[in-house]
Each structure stands twice: as structure tokens, then as C-alpha cells.
Amino acid sequence: MGLTASEWQAVWLTLQLAFSSTFLLLILATPLAYWLARTRSWLKGPVSALVALPLVLPPTVLGFYLLVAMGPEGPLGQLTQTLGIGTLAFTFQGLVIGSMIYSLPFVVQPIHNAIESVGQRPLEVAATLGAGPVDRFFSVLLPQARAGFITAAVLGFAHTLGEFGVVLMIGGNIPEETRVVSVLIYDHVEALDYAGAHRLSASLLIFSFTVLLALYLVQHRSNLRTDFRL
Amino acid sequence: MNKSNGLIARFQQSFSGGFNLDVDLTLPDRGITAIYGASGSGKTTLLRCIAGLQRAQSGFLSLNGLVWQDAQRFVPTHQRALGYVFQEASLFSHLDVQGNLDFARRRSRNRDQDYLKNVVAMMGIEPLLKRSTAALSGGERQRVAIARALLSQPKLLLLDEPLAALDTSRREEILPYLERLHEEFEAPVLYVSHSLDEITRLADQLVVVENGRVEANEALSIALTRTELSISQHDDAGVILEARVVERDDQWHLIRAAFTGDSLWVRDNGDSLDTALRIRVLARDVSLALEEPGASSIVNRLKAEVEAIDETADSAMALVTLKLAGENRLLARLTRRSVHSLELCVGRPVWAQVKSVAVLR
């Protein structure tokens, strides 16, 4: 099943996108999930709803608003222009931001649940044993919520791989810049190149299945299942 | 000795739901202080405020002159040299027993190998070191939790009902370790409990907490003789006497335990002469006679004087405080009818017959 040069390019771009979005999302989602797990503020409800929004909205709606926001007249576009980096629409950076928003619930939820199930007690114990806040995070919370973080990373990664609507809306179809695998499959189908579409679709299918299978096997073995639930 | 030695804790905190914590405590810098009270009386809240796990709206807290909380500062828990043992052993599930101990040791000032060995030996946990925490019994978990707390080199040890989650036999298994702790650990220990049995075995000082307030704070031996405290209504109410072995009766396997002014014969548990003993006499095991009793199966009879009679707490029973020859006191629980028929009154000399005496340690 040989891929063409442009297909390899799309695969490479897709992996880059998935890795960078997942990495940035983990950094962003961890404090957010921690806050959601601990806060008693009235903001918890609205923030949870916002985080879950990408689950129910059509990606095109999300992509449309992002496109508007990133455009020269949009708030995000104004900001990036004042910072001297131009607008983000139809760029790889724009795609990363779009993917992060699109995959946010898939990363926040498992971490949130894991932090909640660890509870306050182990952290209190660690404090009485002389561990400061950062120490407690790395030596107690992270290892005890490990399964949640692994789930979050895998789901965020796999979900970004399959993104289509948001990419098309804000990224278009620029080779080496924004043309990811899902978009290329669409191109192939449009051009009636079903063999090409098959090659990529099957690769994506097998890859996603393998990743998810590995995740469930790991969760099963470590017996630390952190359910992904809303 | 500096006046600021020991623990000074003053907290005021009102909680939603109407509960108020309002305490002002000064505690000795050595020995075990028991904090006794019904559930919901604020014992655990008090302990959490002392640990800094909870922040009282206003308060002052100092240990041996070192201020942990006042109007300006609030030292966070991890910077307070304290150990905390929770009711349910909270061992880290992602670490084995050794890992749990190392967690504390790596963060303490003294990483002395000998100290580690001592603590491990004191709690009897050498055989458990390689085990996973899930493979421990409840009692073993608590022993590991106590050892872990000790390894952080605390200047204050807080134990929140460490035996409450264990069944009776596990409790008996762990009490000797706590007694050892009492002998070997030099910093003050606060021991929250609602078990009079544990308290009389372990504590030196008793703090009674009720509705978020301190009802009493004094030496255990004195507090136990005070009939106005709620513990004296307990079925197991009684006094403790600090005694010394002065005589051995090999034929009948008894020893004579002498305390100031008098002595009692107790079962010989093999303690050598001059050993210090803590003995306990329950109020329900003491009966009174006006004249020296004649032949009786009761070995122990003490000359005493009625100091107070409390008939208020129960419609049928009265609690009589007796003063022994040397300032020590006994409590006797009698029916109110007996009080009436013996014409007991304050100042009346009586003979106290002690049916049974328990040697606590």
C-alpha cells in the first residue's frame, strides 16, 4: 500500500498537527481540569458547558466562528496583527488552535474525572509530609491520576487525527500547510480517486483502532480505569 | 523552661450550618494529649486547623514559641513540622510500603539510617517493607502510616482516631505500638478519640471538646475524677492511678501496686519490683461500706472519705467521689437508694471495696 509523495506530506502534517495540539492541550487542560475538579464557584457550570460545546456543535459552526475570529476584523485576528504575526486563518498555527478547541473536551474530561477520583486526601497527606504544591502535583497527583492523563493524551491525539470540518473551514486545503489526511481523502473522493481514498482511509482506520485498543489494554491492565464520561 | 513551650492554639471559626469552633488551648510540650468528644463536636476540625489543612477565620497557633498562625501569617501545612495520621490509613496507593516511607524521609531534615531503622522497628513493620499497600491489613496500614508520619521528623504528631476504623482485635494489636510511641517519641502527640479505653491507656492529658468548645483541659488522672464532665457518665467511667510495684505474692500470683497513701493488690503480669504501673478502677467496680468489711471475697478495701455525691445525671444511679488517704480519688457508682440507706454525706468516712483493678501499662 504505497502512498504518494503528497499523501506522505499530508500524513506528516497530520501527525505534526496531532502532536502539537495534544501537547499544548495537555498543558492547558490540566489546570482547567484541576480547577473544575476542585472549584465550588458558580462558574463551574458555565465553564463545563463551554468545554463540552465542541462535542455537540457541528465542526463547521466551530470552524466558521473561528474563521471570523481569526480574520483581519475578528478579535483574534486583531490581536495577532498587533503582535505582528499577521492573521492565523489558513495557516498551520491556526489549525493548531482550531484543533485544540475542537479536542478540548476529550482532554479535559478524563483528567477532570481522574483528579476528582484521586480526591483531596492523598494531597493533604503529602502536605503533612512536607511536600509543597508543585511537589504534590508531580509526586502524588500525576502518578495517581496517570490513567486519566494517558486517556486524555490518546483521545486528544486520535480525535485531532480525524478532524475535518474545522480544518476545512479555517485551513482550507493548502499543501504542506493545511492539507491534512482527512482533507486529502475528501479531495481523492471528489476526484473519483477511490483507490487513493481507500489507502488513506484504511490507514487512518487501522491506526486509530490500534491506538484505542492499546489504550484500553493499558487501562485494563493498570486497573485504573478512568471512564470517559460527560 | 520557657513559658511559650508546648502548643498554644486559639481558633474561632463559624461554619455554615451553625457550628462554631471556639477554642483556646495550651498543651504540654511532651506526652500524649487525648482530645475526647462526641462525633460532630469539632475534634477533627480542631486537628485540621492545627495542621493548617483548614484555615480558621481568626486564630493563633504556636509550637514551642514558633508561630504557625497569627493575624499576619499562615504557615502552609507543608512547612509545618508535623505528622498527621488520618482515621483511615491514607497510604499512597501508587507506592509500596518502602516507597511510602521514603516519601516522608526524602522530605525531612534528618535522613539518618539509624532513625529509619528505629522507627521501622518501633512499629514492627520490617516484614512489610516490600509489600504493596493493598496487601496490608487495616492494622498494618495504620502502623505504616504512623511510621511514615514519624519519618518526617515531626515536632508535633496529630492522630485522628487512628484506631476507629479497626475492629477490636486489630485495635488490641496496634495499642502496644502506640504505647511504645508514648515512651520513645519526645514531641507532643494529640490523639483524637472517643474511646475511653484508648484514652485511659495512652493519654497523659485530656481535652474534652463539646460543640466546638473546650470543656476541660487537664491532666488525665484529675479529669477522670471530675463528675461534672460528660465522660463520667460513660459506662466505663473510672479513675486511673499511677502506681509502683512494691510487693510480690508468688503463691497467689498477685502484686501490690502502691500509690501515694495506699495500695491495691492486682494480678501479677510479671512486672518486676519498682516498675511503674498505670492502673484503672472503674466506678461501677467500687462499692461502699460504713464499717470495715469482714470476711469477703474482695481483696482490696481502701479507707476513704466521701468528697462529693452527684445524683443529678441519672434517676437511679449516683456517682460518689471518694478521697483516699493521699489525695488520690476514686469514683463509685451506686444506686441512689444505697446512698440514701447508708446516709452518705460529704465528709463521711467510708470503706471502698474495689472488685476489680485493671493494669493498663
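The values are calculated or read from the model by the stated rules, or taken from the named source; none is laboratory data. A quick note: this is a predicted structure, and the numbers were derived from the prediction, not measured. Here the Cβ positions follow ideal geometry from the backbone for every residue, glycine too, while neighbour counts run over all protein chains shown. Side chains are part of the model used for accessible areas, which takes the heavy atoms of the whole protein and leaves out ligands, DNA and RNA. Shrake-Rupley method; radii C 1.70, N 1.55, O 1.52, S 1.80 Å.
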Top-ranked residue in region A:192-230 [being of a type in the set (S, T, N, Q) and at pLDDT below 85; ranked as surrounded by the fewest Cβ atoms within 10 Å (Cβ to Cβ)]
A:ASN223
What about A:LEU83, is it modelled with pLDDT of 85 or more and open to solvent by 20 Å² or more (accessible area, probe 1.4 Å)?
yes
Against the conditions (1) more than 25 Å from the chain's Cα centre (by Cα); (2) in contact (Cβ under 8 Å) with a residue 40 or more places away in the chain, where does B:ARG55 fall short? Just the number, please.
(2)
Single match in B:GLU161, B:GLU173 (criterion: of a type in the set (Asp, Glu) and modelled with pLDDT under 90):
B:GLU173
Inspect region A:167-175 for any residue being in contact with a helix residue (DSSP H, G or I) (Cβ under 8 Å, 6 or more places away or on another chain), surrounded by fewer than 18 Cβ atoms within 10 Å (Cβ to Cβ) and on the phi < 0 side of the Ramachandran plot and give the result as yes or no.
yes
Top-ranked residue in region B:82-105 [being at the interface with chain A (Cβ under 9 Å from one of its Cβ atoms) and open to solvent by 20 Å² or more (accessible area, probe 1.4 Å); ranked as nearest to B:VAL144 (Cα to Cα)]:
B:LEU91
Looking at region B:54-79, which of its residues are outside any strand (DSSP E or B), more than 8 Å from chain A (Cβ to nearest Cβ), open to solvent by 10 Å² or more (accessible area, probe 1.4 Å) and touching a helix residue (DSSP H, G or I) at 6+ places or on another chain (Cβ under 8 Å)?
B:GLN54, B:ARG55
For A:ALA131, work out the one condition from (1) hydrophobic (A, V, I, L, M, F, W, C); (2) under 16 Å from the mean Cα position of the chain (by Cα); (3) part of a loop (DSSP other than H, G, I, E, B) it doesn't fulfil.
(2)
Filter result (closer than 23 Å to B:LEU150 by Cβ and either surrounded by fewer than 21 Cβ atoms within 10 Å (Cβ to Cβ) or within 14 Å of chain A (Cβ to nearest Cβ) (or both)) within region B:35-53
B:THR44, B:LEU47, B:ARG48, B:CYS49, B:ILE50, B:ALA51, B:GLY52, B:LEU53
Only residues that are charged (D, E, K, R), touching a Leu at 6+ places or on another chain (Cβ under 7 Å) and touching a residue at least 60 places away in the same chain (Cβ under 8 Å): list them for region B:286-332, please.
B:ASP310, B:ARG329
Which count do you get for residues in region B:7-33 that are in contact with an Asp or Glu (Cβ under 8 Å, 6 or more places away or on another chain) and either among the β-branched types (Val, Ile, Thr) or surrounded by 21 or more Cβ atoms within 10 Å (Cβ to Cβ) (or both)?
5
Filter region B:336-361 down to the residues that are open to solvent by 60 Å² or more (accessible area, probe 1.4 Å) and in a strand (DSSP E or B) and list them by number.
B:PRO349
Here are A:VAL107, A:VAL125: which of them is touching a Leu at 6+ places or on another chain (Cβ under 6 Å), among the β-branched types (Val, Ile, Thr) and buried (at least 20 other Cβ atoms within 10 Å of the Cβ)?
A:VAL107
Per the list (1) open to solvent by 30 Å² or more (accessible area, probe 1.4 Å); (2) touching a Pro at 6+ places or on another chain (Cβ under 9 Å), residue check on B:ALA295 breaks on (2)
If we ask which residues in region B:256-290 are closer than 23 Å to B:GLU305 by Cα and either touching a Cys at 6+ places or on another chain (Cβ under 6 Å) or open to solvent by 30 Å² or more (accessible area, probe 1.4 Å) (or both), their number turns out to be 8
Residue list for region B:110-145, restricted to those being open to solvent by 10 Å² or more (accessible area, probe 1.4 Å) and either of a type in the set (Gly, Ala, Ser) or outside the structural domain of B:ALA89 (by the TED database) (or both):
B:ALA121, B:GLY124, B:SER132, B:ALA134, B:ALA135, B:SER137, B:GLY138
